[in-house]
Amino acid sequence: MSEVDLSDVVRQRIRGLRQARGWSLDVLAARCHLSPSTLSRIETGNRRIDLDQLVALARALGTTIDHLVEPVDDADVIIRPMQHQEPGLTTWVLSRDTAQHGGRLVAKMRITPERRTGPGHLAVHPGREWFTVLTGTALLHLGERRVTIGVGEAAEFSTMTPHSIGALGGPVAILTMFDQDGERAHAESSREAPSPR
């Protein structure tokens with residue numbers, strides 16, 4: 001991104017944050033110790049933004065310089081998930097850094113009847129898990145219970161209860177969300193899983 005483009009993005013962000021807070025030019029100018037005319041020229045691109053002004057504006061707007069100057073391109077929007085495969089399960093992680101998303105990891109999973117589930121294959125770990133069925137029928141083993149979840153239905157449960165998710169009568173596709181404990185547990189179990197033969 002060129003310097004001109006970045007400068008325009010910064011100006012738009014300053015104006016957008018000011019307007020989102022319902023502040024006039026006068027209000028923001030007073031908060032960052034600039035004159036309203038200087039702030040107006042900064043927002044319209046008729047004046048360069050000095051570093052000390054950028055610091056003052058970021059502080060007054062309750063943000064950071066990093067957020068004001070963060071580049072904008074498709075890379076910050078588009079996620080190109082990598083496929084992870086193990087017997088009976090294919091996973092695509094659909095979110096980036098869990099810390100930025102409230103400690104949650106979102107993934108799409110395709111489960112086939114070959115996946116080993118049920119007694120002897122139940123996981124237990126701290127946290128919660130949620131999923132919804134996109135296609136097929138999921139079979140959730142939750143302790144001694146067997147719960148069938150169909151297309152358009154969702155399930156949410158404590159992962160301190162022994163659990164596993166399988167496919168009933170053919171492949172099932174689910175969209176699932178884990179908290180950070182669940183993400184760690186699933187990552188560890190996939191590392192321990194035997195590789196497909």
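Here the 3J(HN,Hα) profile of region 131-145, calculated from phi with Karplus coefficients 6.51, -1.76 and 1.60 at θ = phi - 60°, is 8, 10, 8, 8, 9, x, 10, 9, 10, 9, 8, 10, x, 8, 7 Hz, Gly and Pro shown as x. The simple spin-label model puts a point 7 Å past each Cα toward its Cβ; for Asn46 and Glu86 those points are separated by 6.3 nm.
A Förster distance of 22 Å, applied to the separation of the beta-carbon atoms of Asp26 and Val69, puts the FRET efficiency at 0.30. Here the accessible area is traced with a 1.4 Å probe on the protein chains. For region 85-167, carbon and sulfur cover 51 percent of it.
For the pair Arg128 and Arg145, the difference between a 0.36 nm per residue extended length and the Cα-Cα distance amounts to 4.4 nm. Translational diffusion of region 3-63 was estimated from the Stokes-Einstein equation, with Rh taken as the Kirkwood radius over Cα pairs; at 25 °C and 0.890 mPa s the coefficient is 217 µm²/s.
The trypsin sites (Lys or Arg not before Pro) found in region 8-97 that occupy coil by DSSP, while having at most 10 further C-beta atoms within 10 Å, are Arg48. Simple spin-label model, 7 Å along Cα-to-Cβ: Ser35 to Arg59 in nm? It works out to 2.2 nm between the two label points. Computed with a 1.4 Å probe over protein heavy atoms only, the accessible area of Glu153 comes to about 90 Å². For region 107-177, what class follows from the C-alpha gyration tensor (a ≥ b ≥ c being the square roots of its eigenvalues): rounded when a/c is under 1.5, otherwise prolate if a/b is larger than b/c, else oblate? Because a/c hits 1.5 or more and a/b fails to exceed b/c, region 107-177 counts as oblate.
The values are calculated or read from the model by the stated rules, or taken from the named source; none is laboratory data. Because the structure is a prediction, the values reported are computed rather than measured. Heads up, the Cβs are rebuilt from the backbone with ideal geometry, glycines too, and the neighbour counts pull from every protein chain shown. Just the protein is used for accessible areas: all its heavy atoms, side chains included, with ligands, DNA and RNA removed. Shrake-Rupley method; radii C 1.70, N 1.55, O 1.52, S 1.80 Å.
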